[in-house]
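The values are calculated or read from the model by the stated rules, or taken from the named source; none is laboratory data. This one's a predicted model, so the numbers in the text were calculated from it and none came from an experiment. Note that we place each Cβ from the backbone using ideal geometry, even for glycine, and neighbour counts take in every protein chain shown. Side chains included, ligands, DNA and RNA excluded: accessible areas come from the protein's heavy atoms. Shrake-Rupley method; radii C 1.70, N 1.55, O 1.52, S 1.80 Å.
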Amino acid sequence: MNDNLHLSNLSTIPTAPEGFKSGFVGIIGRPNVGKSTLMNQLIGQKIAITSPISQTTRNRLRGILTTEKAQIIFVDTPGIHKPHHTLGKIIVKNAKTAINSVDIILLVVDSSVKSGGGDRYIMDLLKTVNQPVILGLNKQDQQPENYQAIDESYTHLIQDHSWPVIKFSALTGDGLQTLQKTLIQQLDPGPYYYPPDLITDQPERFIMGELIREQILQLTRQEVPHSVAVTIEKVEETPKITKIFAAINVERNSQKGIIIGQKGTMLKAIGTAAREQIQKLVAGDVYLKLFVKVESQWRQSNLRLAEFGYRVEE
Ligand SMILES: Nc1nc2c(ncn2[C@@H]2O[C@H](COP(=O)(O)OP(=O)(O)OP(=O)(O)O)[C@@H](O)[C@H]2O)c(=O)[nH]1
Ligand SMILES: [Mg+2]
């Protein structure tokens, strides 16, 4: 198993040909607008987990798309929202930091509904940026018949700017060719930053933990998903199987009960579904052992947050 999602171990960074373009594109927006779904579609691989629950993404993630003409490094960010605990504050701070460290900002909105206060808050944050911004109207497949009023609300939102507006569906892939073309047009000439066959610089262990958390987001309700952090305790590799031991950390005993479920049925369902996903990731058989731990108020503890991989990024 490689540390990163290489297709080959021998990848090197070639010299870029004349006219090659490259750069970092930050995907930003409110929670749940489809940023992670978009990044996965654009690079053609599942790097980021997605779910119908807001605040799915907690870390900045890079997904790399290399074509003959360009290398685009997409930076998926956590949805920007008003934070209620230390975890939320770290998450939002990191998303804001990402805005300043990219070459192009792709502001994604949910165009199945009108623009709202959350979008305006992000517009405020973008007031001081110098980079080009593209507005992406996502979820076109879900636009209702009277979509004109919705589209107008977004035209109104960006009325002080002359940003390009691109419509697409991250779910179906419609419109993404145009988006890709526009992004490449806006990039400056530049080098390969990564080997052409690298899809992410995220360690495989991190993605394993996320794939387990994704199943918890999909299968449990109410406050449970937000109270969960998954840590990979041990990975043992044999020629035949990858053995993974992971802890699901929750804040309260009642949440532990929900995660385990009646006679362990919920934990079993989470494990089975996550194992299937991880098998795709490592392209081999996986044995997955899950434990549930109670770490009281971990979302408020700087020590636990750092231990679980949530830190303020520079
Ligand atoms: N119908 C439709 N649903 C979409 C589309 N894009 C994303 N979704 C759904 O919207 C939900 C949220 O998608 P995510 O990609 O997790 O959203 P996000 O912006 O990354 O959310 P956070 O990480 O919480 O900020 C999921 O249920 C997706 O399947 C789309 O183009 N059309
Ligand atoms: Mg996300």
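Hey, can you grab everything whose amide H is under 5 Å from the amide H of Val292? Only 5+ residues off in sequence or another chain; H modelled, so Pro and N-termini drop out.
Close amide H contacts, sequence-distant or interchain: Ile248.
So for each of 231-243, 266-278 I average, over its residues, the number of other beta carbons within 10 Å; can you give me the resulting order with the highest mean first?
Final packing ranking: 266-278, 231-243.
Let's test this: bin the Cα-Cα distances of the stretch 151-230 at 5 Å from zero up to the farthest pair and state each bin's percent.
3, 10, 11, 10, 15, 14, 16, 16, 5, 0
Which residue fluctuates most in the GNM of the chain (Cα springs below 10 Å): Val165, Val25, Val33?
Of Val165, Val25, Val33, the most mobile in the Gaussian network model is Val165.
Taking Cα pairs under 8 Å and at least six residues apart, what relative contact order does the stretch 98-216 come out at, in percent?
Taking the mean separation of contacting Cα pairs over the length of the stretch 98-216, I get 25 percent.
How many angstrom separate the Cα center of the stretch 273-291 from the Cα center of the stretch 28-92?
Computed from Cα coordinates, the inter-centre distance equals 22 Å.
For the chain, give the share of DSSP beta bridges that are antiparallel, in percent and rounded to the nearest 5; count only bridges with both residues there.
Antiparallel bridges make up about 35 percent of those DSSP assigns within the chain.
Hey, what's the stretch 204-307 come to in accessible area per residue, 1.4 Å probe, Å²?
51
For the stretch 206-221, take each phi angle, set θ = phi - 60°, evaluate the Karplus expression 6.51 cos²θ - 1.76 cosθ + 1.60, and give the result in whole Hz per residue in order, putting x for glycine and proline.
4, 5, 4, x, 5, 5, 6, 4, 4, 5, 5, 4, 6, 9, 10, 10
At 1.4 Å probe size, with every protein chain present, just tell me what the per residue accessible area of the stretch 26-138 comes to in Å².
Result: 35 Å² per residue.
With angles folded into 0 to 90 degrees, how steeply does helix 176-186 sit against the dominant principal axis of the chain? Use alpha carbons for both and round to 10.
The angle comes out at about 60 degrees.
Can you pull the percent of the stretch 1-125's accessible area that's carbon plus sulfur, 1.4 Å probe, other chains left in place?
Carbon and sulfur together cover 49 percent of it.
Roughly how many percent of the accessible protein surface of the stretch 171-314 is carbon and sulfur, given a 1.4 Å probe and a whole-percent answer?
49
Please list 3J(HN,Hα) in residue order for the stretch 12-26, calculated via the Karplus relation 6.51 cos²θ - 1.76 cosθ + 1.60 where θ = phi - 60°; whole Hz, with x for glycine and proline.
10, 8, x, 7, 6, x, 3, x, 5, 10, 7, x, 9, 10, x
Quick one: the Cα spread of the chain along its three principal axes, in angstroms, biggest first?
57, 46, 38
Determine the principal axes of the Cα atoms in the stretch 48-99, then give the extent along each, sorted from largest to smallest and rounded to whole angstroms.
If we take the Cα atoms of the stretch 48-99, the spans are 44, 24, 12 Å.
Starting from the exponent 0.38 and prefactor 2.2 Å, build the expected Rg for the stretch 204-307 from its residue count and divide its actual Cα Rg by it.
Expressed relative to 2.2 N^0.38 Å, the Cα Rg reads 1.05.
What are the ³J(HN,Hα) couplings of the stretch 154-166, residue after residue, when phi is run through the Karplus curve with 6.51, -1.76, 1.60 and θ = phi - 60°? Round to Hz, x for glycine and proline.
7, 4, 5, 4, 10, 4, 7, 10, 10, 6, x, 10, 10
In Å, the Kirkwood hydrodynamic radius of the stretch 3-186 over pairs of distinct alpha carbons?
Evaluated on the stretch 3-186, it is 17.0 Å.
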